[in-house]
Protein chains: 2
Amino acid sequence: MFDGRSLDALFRPRSIAVVGASSNPNKIGGRPLVFLRQAGYAGAIYPVNPGAGEVQGLRSFQSISDIDKPIDHVIIAVPPREAIAAMKQCAAKKVKAVQVFTSGFGETGESGRKLQDELVATAKDAGIRLIGPNSLGLFNVPEKFFGTFATVLDGAWPTAGNVSFASQSGGFGSLCYVLAQARGLGFSHFITTGNETDVDVAECIAYLADDKCTHVIVAAFEGCRDGRRLIAALEVAHGRGKPVILMKVGTTEAGANAVQTHTGALAGRDAIYDAAFRQFNAYRAHSLDELVDCTYAASRGRLPRGSRLGVVTFSGGVGVLAADAAAEHELELPPLDKTAGARIKSILPNATVGNPLDTSAALVNDLSLYARIVEIVLEETSCDMVFGYLAAVGRNPQHYAQLKGPLFEVRRRYPDKLFVLTMACPEEVREELEREGFLWFEEPARAVAAAAAMAKLAKGLESRRAALGSAPRITLPRGPLSEIESKAVVAQAGISFLPERFVQSANDACETARQLGFPVAIKVVSRDIPHKSDIGGVRLDLRDDAQVAAAFDEIMQAVACKIPQARVDGVLVTPMVRGGVETILGVMRDSVFGPVVMFGLGGAYVEALKDVSFRVAPFDIGTARDMISETMAGRVLKGIRGAVPADVESLAATLARLSVFACANADVINGIDVNPYVVVSNGGYALDALVVPT
Amino acid sequence: MFDGRSLDALFRPRSIAVVGASSNPNKIGGRPLVFLRQAGYAGAIYPVNPGAGEVQGLRSFQSISDIDKPIDHVIIAVPPREAIAAMKQCAAKKVKAVQVFTSGFGETGESGRKLQDELVATAKDAGIRLIGPNSLGLFNVPEKFFGTFATVLDGAWPTAGNVSFASQSGGFGSLCYVLAQARGLGFSHFITTGNETDVDVAECIAYLADDKCTHVIVAAFEGCRDGRRLIAALEVAHGRGKPVILMKVGTTEAGANAVQTHTGALAGRDAIYDAAFRQFNAYRAHSLDELVDCTYAASRGRLPRGSRLGVVTFSGGVGVLAADAAAEHELELPPLDKTAGARIKSILPNATVGNPLDTSAALVNDLSLYARIVEIVLEETSCDMVFGYLAAVGRNPQHYAQLKGPLFEVRRRYPDKLFVLTMACPEEVREELEREGFLWFEEPARAVAAAAAMAKLAKGLESRRAALGSAPRITLPRGPLSEIESKAVVAQAGISFLPERFVQSANDACETARQLGFPVAIKVVSRDIPHKSDIGGVRLDLRDDAQVAAAFDEIMQAVACKIPQARVDGVLVTPMVRGGVETILGVMRDSVFGPVVMFGLGGAYVEALKDVSFRVAPFDIGTARDMISETMAGRVLKGIRGAVPADVESLAATLARLSVFACANADVINGIDVNPYVVVSNGGYALDALVVPT
């Protein structure tokens, strides 16, 4: 899906021209020249400005056509119609890549969209890779290439490092840059993609996965047009073992509305984005602070082997704060046993032994003991990571001098452990700690949260998918499906039903009920009635002939009264089975990600409870287990109030099968509801199903 | 409950003695002397150290008894047994207030607890107000009184301001101080209460409510022994119109376990703390970042009049981020109508008009337009607050010069609006913005969250409680109550039941069922069977004599088989009623807050769903409405899938009545379960009730 080499001219060009080059260093067309030379870009730079012979001391050209050397990369920063003309010249000149900074295209409405179409068609026909229009540009620090007018570079020049950012929105990308740069992160690439008429964030992720200098990929976007493309990019990064940290804004309805007015991108349902990110091992940050914290932690290059955390603090209260954060982010705090307790008490008699461990303030008398305590915790618990809180020890040179030697030694002896610290200190102390391989955070809960994120990233990078089964290809009749037809489709997806018989009279219903055994349920069969129970088309728990016959008549009357135009085929008779947990399984077509499977608690309150989880189809049984355990239904299935646990494993297999089936038949199926699907202690069965064809 | 004047000797003493005064400025007994003199404390300072004639250049005394002047406040920083001896001298000397920094008392176990009891009894008998033991001390910036050994003051001296902090944990309080001081906050009082043998955080809150210099009260704690005392303190602060911002650590099970090992304080159930804080108008911060952000915002002295936010940004992406945050924190984003749109487009044709409003980058050409846009938003929407994102304009002196004049003018013209900004800028620009009355945040979502917190604080400060009704006082029989007795109690709380008849034979059950009308339910009556349905003691939907008789026999067999020792009185026969929403109403005695009322969704999954809300009893109907709307049950009651809405108003009245009843009879009732309580379109009724006497 992605061909990284074709992007080299965008990200590491040997020559660049700027159309609309300005002598004013504050103008959009002036800034890139300033930045390129400030960075020491080694390639050729060709300002294009018909009104000037020289721009910022460089020889200027009348047009792209006037340049007599080959050009890899052109920046266009002139008004829309001139931009289109410049693009035509680029095509003629066989330019490889173009960035269009100009706004006033697709983001402004219909007339802008037409201009954009012309611009993009020209680029496409000529095989030009295009970023923008309406983009802020990009830079590549190791290559010293700065093709951007980003004002946030003023007074905050990037240092080279292993983090690369890709953002659709220039403004949002700039904000990320401000915060990340202030946090001391070093950069490889920084890319903004604007209107995404060609290169999008997904393609940048795939490109960065192959960039030697990039160890951590960070991406931010408001919406994405093609979720499968994003997933493909995430799989490339996963294959290269590179962590991807994402942030998507527009998570709420209000935010998503703002997305629509701003970019016209399809926001998709946020829960589905969330599920897709989890499913394909990208870490989703829910705030900019979290984005920067996680990027900082990941950029230090050490991921923990598991999620067991030891907490060793100077303060009980801060230990509790850290324990809260650990629980919230699903880290385990392995307990310290008696041996560990005795070893610690022999060193610090007033310590409160546990995890969190409170050293007590007596530690101030000899801070070298801190390292010994940490080492005991590592030896006795095999924690994967340690969080330490050390108050303001770093501000007291004598105290810090006692602390650091032994602590650095322990750090070296446990190279595969993650060490995370919070300690008020001057900047040079923080830098020394970071050089020695500690992560430093101002605030303990954020420190623990970042450690937890690293554990999740590590787990994601190690995860492997199981092979998927196959599914039959089906054909569907035209128009809406009857219940019987829907059930036949769902049965082909490997979902079991209770035995049921179709009858057309009250007498036959009674006869059938006697054969199946009382009590029974009867339901109307009609392709014109999607939600049968809402109109009185379902009667449960019928215990004898008289009740069955009465129910049959009542159903017919209810239908005739409420939906007189409905074509009624007859009724289904099914045995009533008690017990089990009612769930709902579904397939929907998401506008961004395509076929998506839903799982949740069934019953009357399903819509109010919104207890559902999603995964992009197809997926394996392990993924299905995850989606079950994310819901309250997952808790109910384990058995509440002493109930027998339901068969979660068979449910997971059913969901995985349904996902494969949904994908194999995405061309004919728009949606499936299996509701309720009753999970019992030994398997499960559907009671009803609705299939919506495309 | 609180007598603020008796604390003056603690917080604004005219003289102070330090027992264990040290010449070493790094020691616990040396630090307070350093700080007091660094601050320029005007009162008398008496070092007490039997081994020295002079300490840090001050005349030293052999003991408290040797000091020939009256002493308001004594700090004790010597080992436990010496501390007790010093306390006895303080009693003899009629010292008014003592702080004990010494640890090794109640926090370490049984032997320490005995020492603590002796220490505290001495203070109590002498009428000495006591902070500690095991406390870090306190300071009062306006009074220049620094009775603390807090190391976090090193290199980070507080400036005077209107914020006061009270924290049980010295370590946690220190961390709050580090972050708040770094954020530029100014302080009135900073107090740590340690083992809380006398003065606790609650009393500090009440004291600070009367402190002229304190405008914002911030409190942090791990647990509290007496929730009613905390509530009383919150009510004092509410009465004085002072915002209270709280943070409680130990929110999760892991955290709460750490609390228990650390302080022995009763952690209480976190959901109940949460409910109590909301009920009594304290703002609960869930992270230190939020604590500091909200304190910063509240300390600027401007609270918005409502929760309508206008968002005016330089970047669509950041606008979406802000809209997400606004939705998450329940702010309203009023839309801009056509008139507003036309006015804005006439100034900035490329702006994306809406709320959030994206000015487009064209604004860079004339930043003075920003103020005009903001003013149009204020005029056209009557927003209570505005959030502005201005990228890195503050780093460009020319741009900032264009921006600030007109923007400051708009700020002055709308003195009652809250203006919140995010803009990368040098510190002096930030300070200028703050002087002009803007709130400045580094990160947009945190800016919006803080604005939302201010709206909630403002609403809380304005809230008034309705008068509570009265409730009958009841007496209870000894021992467990039968279902009939339980229902009689609950009926006295004003809760309705369906008609039901008590019978003792299958024949009588059939006869009664005929009178009430089929279908009926029958339930076993026995004080020895609390959860009847779990053992087969309930049968529903019985439609004729035969079914009733069979069910009667089956129930008796089930009871005899499963709980042979149960004393069975008979069964209750009730008509079956369909429809309505099953909820659960409950009263429980919380170890911290006393009688607490619970509300939630009923039905089989109630324990798995944990969809419940709490309030401290008694409360008014408005509070009851809040507690209903916090639950998913609240959504169900509004009517899902076209169902008729249930009678929420009658439910709220029922909850309020139950709360008053629970309080009036707290001496005899330990707990009540009304489960299920069925809410219908016109009132509601209980189907079962269980009362647990004290």
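The values are calculated or read from the model by the stated rules, or taken from the named source; none is laboratory data. Remember, it's a predicted structure, so these values are computed and weren't measured experimentally. Backbone-built Cβ (ideal geometry, glycine too); neighbour counts: all protein chains shown. Note: accessible area is taken over every heavy atom of the protein model, side chains too, but ligands, DNA and RNA are not part of it. Shrake-Rupley method; radii C 1.70, N 1.55, O 1.52, S 1.80 Å.
What to note about this one:
- Phi angles across region A:109-123 convert, under the Karplus curve 6.51 cos²θ - 1.76 cosθ + 1.60 with θ = phi - 60°, into 3J(HN,Hα) values of x, 5, 5, x, 4, 5, 4, 4, 4, 5, 4, 5, 4, 4, 4 Hz, Gly and Pro given as x.
- Based on C-alpha pairs under 8 angstrom that are at least 6 apart in sequence, chain B has a relative contact order of 8 percent.
- For B:Ala617, the residues whose modelled amide H falls within less than 5 Å of its own, excluding neighbours fewer than 5 places apart on the same chain, are B:Val596, B:Val597.
- Heavy atoms of the protein chains alone define the surface here; on that basis chain B has 38 Å² accessible area per residue at 1.4 Å probe size.
- Residue-by-residue Karplus 3J(HN,Hα) for region B:46-60, coefficients 6.51, -1.76, 1.60, Hz, glycine and proline x: 10, x, 10, 7, x, x, 9, x, 9, 10, 6, x, 9, 4, 9
- For the pair region B:455-490 / region A:436-487, the C-alpha centres are spaced 46 Å from each other.
- Converting phi to 3J(HN,Hα) with the Karplus coefficients 6.51, -1.76 and 1.60 and the offset θ = phi - 60°, region A:527-541 yields 6, 9, 10, x, 10, 5, 5, 5, 10, x, x, 10, 10, 10, 6 Hz in sequence order, with x at every glycine or proline.
- Here the accessible area is traced with a 1.4 Å probe on the protein chains. For the protein assembly as shown, carbon and sulfur cover 51 percent of it.
- 18 Å Cα-Cα reach of B:Lys242 towards lysines, excluding residues that sit fewer than 8 places from it in its own chain: B:Lys212, B:Lys456, B:Lys459
- Evaluated over region B:521-639, the count of Lys pairs having alpha-carbon atoms less than 22 Å apart is 5 (only pairs 8 or more residues apart or interchain).
- Measure of compaction for the protein assembly as shown (Cα Rg per 2.2 N^0.38 Å): 1.03
- Shape category assigned to region B:490-580 from the gyration tensor of Cα positions, a/c cut at 1.5: oblate
- Cα centroid separation, region B:66-134 to region A:513-548 (Å): 79 Å
- Straight Cα distances below 28 angstrom link B:Lys114 to the lysines A:Lys338, A:Lys345, B:Lys27, B:Lys88, B:Lys93, B:Lys94, B:Lys96, B:Lys124, with same-chain residues fewer than 8 positions distant left out.
- Among the trypsin sites (Lys or Arg not before Pro) in region B:501-600, those placed in a DSSP loop whose Cβ has at most 14 other Cβ atoms within 10 Å are B:Arg567, B:Arg578.
- Rounded to the nearest 100, the interface formed by chains A and B buries 5900 square angstrom of accessible surface, both chains summed, with a 1.4 Å probe.
- Among residues other than B:Gly127 with Cβ under 10 Å from its Cβ, the summed charge is +3 (Lys and Arg +1, Asp and Glu -1).
- Cross-link reach list, aspartates and glutamates versus A:Lys144, counting only Cα pairs under 19 Å and skipping chain neighbours closer than eight places: A:Asp8, A:Asp72, A:Asp154, A:Asp210, A:Asp211
- Debye intensity ratio in log₁₀ form over the Cα atoms of chain A, taken at each q of 0.05, 0.06, 0.07, 0.11 Å⁻¹: -0.35, -0.49, -0.64, -1.11
- Hull volume in cubic angstrom per residue (convex hull over the Cα atoms of region A:450-547): 226 Å³
- Cα pair distances in region A:120-208, grouped into 10 Å bins until the bin that holds the longest one, percent each: 17, 51, 25, 6, 0
- Scaling the Cα radius of gyration of region A:35-181 by the globular reference 2.2 N^0.38 Å produces a ratio of 1.07.
- When the alpha carbon gyration tensor of region B:380-514 is reduced to an equivalent ellipsoid, its three semi-axes come out at 67, 17, 14 angstrom, largest first.
- Interatomic Cα distance distribution for region A:4-250, bins of 10 angstrom, percent: 8, 34, 38, 18, 2, 0
- Near the amide H of B:Val311, within less than 5 Å, lie the amide hydrogens of B:Leu357, B:Phe387, all on another chain or at least 5 residues away, with H placed in the peptide plane.
- Sequence-distant residues sharing a close amide H with A:Ala219 (under 5 Å, placed H): A:Ala166, A:Ile245, A:Leu246, A:Met247
- Dipole-positive endmost among A:Ile484, A:Leu36, A:Trp440 within chain A (Cβ charges, Cα centre): A:Leu36
- When peptides A:224-230, B:169-175, A:205-211 are ranked by their average number of other Cβ atoms within 10 Å per residue, the highest-first order is B:169-175, A:205-211, A:224-230.
- Virtual spin-label span in nm between A:Arg578 and B:Ser470, 7 Å along Cα→Cβ: 4.9 nm
- Normalised by 2.2 N^0.38 Å, where N is the number of residues, the alpha-carbon radius of gyration of region B:1-106 equals 1.02.
- Relative contact order of region A:581-693, pairs being alpha-carbon contacts under 8 Å that are 6 or more residues apart, as %: 31 percent
- Using only Cα coordinates, the Kirkwood hydrodynamic radius of region A:272-311 works out to 11.8 Å.
- Helix B:227-239 and the longest principal axis of the Cα set of chain B meet at an angle near 60°.
- Peptide A:321-333, shielding by other chains (average Cβ, 10 Å cutoff): 6
- Label-reachable residues, region B:392-416, where backbone N falls under 17 Å from a point 7 Å from B:Asp366's Cα toward its Cβ: B:399-407
- Percentage, to the nearest whole number, of Cα pairs in region B:302-462 over 25 Å apart: 21 percent
- C-alpha long axis of helix B:506-516 to longest principal axis of chain B, angle in °: 70 degrees
- Of the GluC sites (Glu not before Pro) found in region A:269-331, the ones in coil according to DSSP and having at most 12 other Cβ atoms within 10 Å of their Cβ are A:Glu330.
- Each helix, a run of at least 4 DSSP H residues, gives -39500 (n - 2.57); summed and divided by the residues of chain A, these come to -12000 deg cm²/dmol at 222 nm.
- Principal semi-axes in Å for region B:413-487 [√(5λ), Cα gyration tensor, largest first]: 55, 17, 9
- FRET efficiency, 1/(1 + (r/R0)^6) with R0 60 Å, evaluated for A:Lys27 and B:Arg113 via beta carbons: 0.25
- Max-minus-min Cα coordinates of region A:574-694 on each principal axis give 43, 32, 27 Å, with the largest extent listed first.
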